[in-house]
Amino acid sequence: MSFIWPQALLLLVLVPLGVALYRAIGRRRLAAVRQALGPGARTPLSDGGWLRARIPPTFMLLGLVVLTVAMARPQGTLDLPRQEGTVILAFDVSGSMAATDVQPSRLAAAQKAAEQFVEREPSTVVIGVVAFSDSGVAAQAPTDDQATVLAAIKRLSPQKGTSVGRGIQAALQAITAAQSRPANDYYSNRSPSPTPSPTPVPPGTHGSAVVVLMSDGENNEAPDPSAAAQQAADRGIRVYTVGLGTTAGTTLDLGGFKVHTQLQEDALKAIAQ
């Protein structure tokens, strides 16, 4: 605690002087009463009245102390919890995300869930959007502008091919760019370097940045998703996975070919470990 006007506390030295003066005046009055009544006479204070007589001045003294401290304008610093950090929403926009085993489709379900997530987050959390199919691209640089993030989510549509590893790497690149320079200097729709340079941290350490990967877990292109997830772990970045689809799956018509697609739970769990 500190005081804006600490010099006002100097007035507290007057308190003991006031107490001494009050007691001196009280003794003089008591002596005068006893002298007037004569030797052996009982005064009003002899039967416990002394306690009742001291209660009012005691409260007045405490009031003066509180008033003096208030005049010094005490102030303190209270640390309140603050939720802040960087969240990258990484969307699988491969062709299999058009499957309708989750209504209205896997991608549409992911978009809906992401929109609800964004709307709940405080402005102290910056959110970016990454889309990946056969490559990973930054759809929106991390920002605290929720309307901009929501617009980027709505623009997503299914593409072709799936490289979950490149999606994770694109998310890592987005986090690195957001932490090193303004978002408008970083924004690019180019695929990230396949091997972003990690800044190692002690095992088990986690920073304020996380990746939320929304996918059906199917992967048919390099790099290995688990290796990309390890790159994130080496930098203290958590990767959370959200599975879209059903384990039974469904059949899609992709370019005239019938393709069976289903949720790959084990693959997503391996990424999140």
Hey, can you rank 118-128, 230-240, 65-75, 134-144 by average C-beta count inside 10 Å, highest first? 134-144, 230-240, 118-128, 65-75
HN-Hα J in Hz across region 87-100 - Karplus 6.51, -1.76, 1.60, θ = phi - 60°, x for Gly and Pro: 10, 10, 8, 9, 9, 6, 10, 6, x, 5, 6, 7, 4, 10
Full extension between residue 147 and residue 265 adds, at 0.36 nm per residue less the Cα distance, a length in nm of 39.3 nm
Counting other beta carbons within 10 Å of each Cβ, put 102, 13, 211 in order, fewest first. 13, 102, 211
Could you list 213, 244, 254 so that the one with the fewest beta carbons within 10 Å of its beta carbon is first and the one with the most is last? 254, 244, 213
Sort 163, 105 so the one with the fewest other Cβ atoms within 10 Å of its own Cβ comes first. 105, 163
Long-range HN-HN contacts of residue 242 with modeled amide H, under 5 Å: 213, 214, 215
Pull out the extension gain between residue 22 and residue 65, defined as 0.36 nm times the separation in residues minus the alpha carbon to alpha carbon distance; nm, one decimal. 13.9 nm
Please work out how much length the chain gains when fully extended from residue 238 to residue 7, using 0.36 nm per residue of separation minus the C-alpha to C-alpha distance, in nm with one decimal. 78.0 nm
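The numbers here are math on the coordinates, done by the rules we state, and not lab data. Note that the structure is a prediction, hence the values are computed from the model and not measured. In this analysis, Cβ positions are derived from the backbone assuming ideal geometry, glycine residues included, and neighbour counts consider all displayed protein chains.
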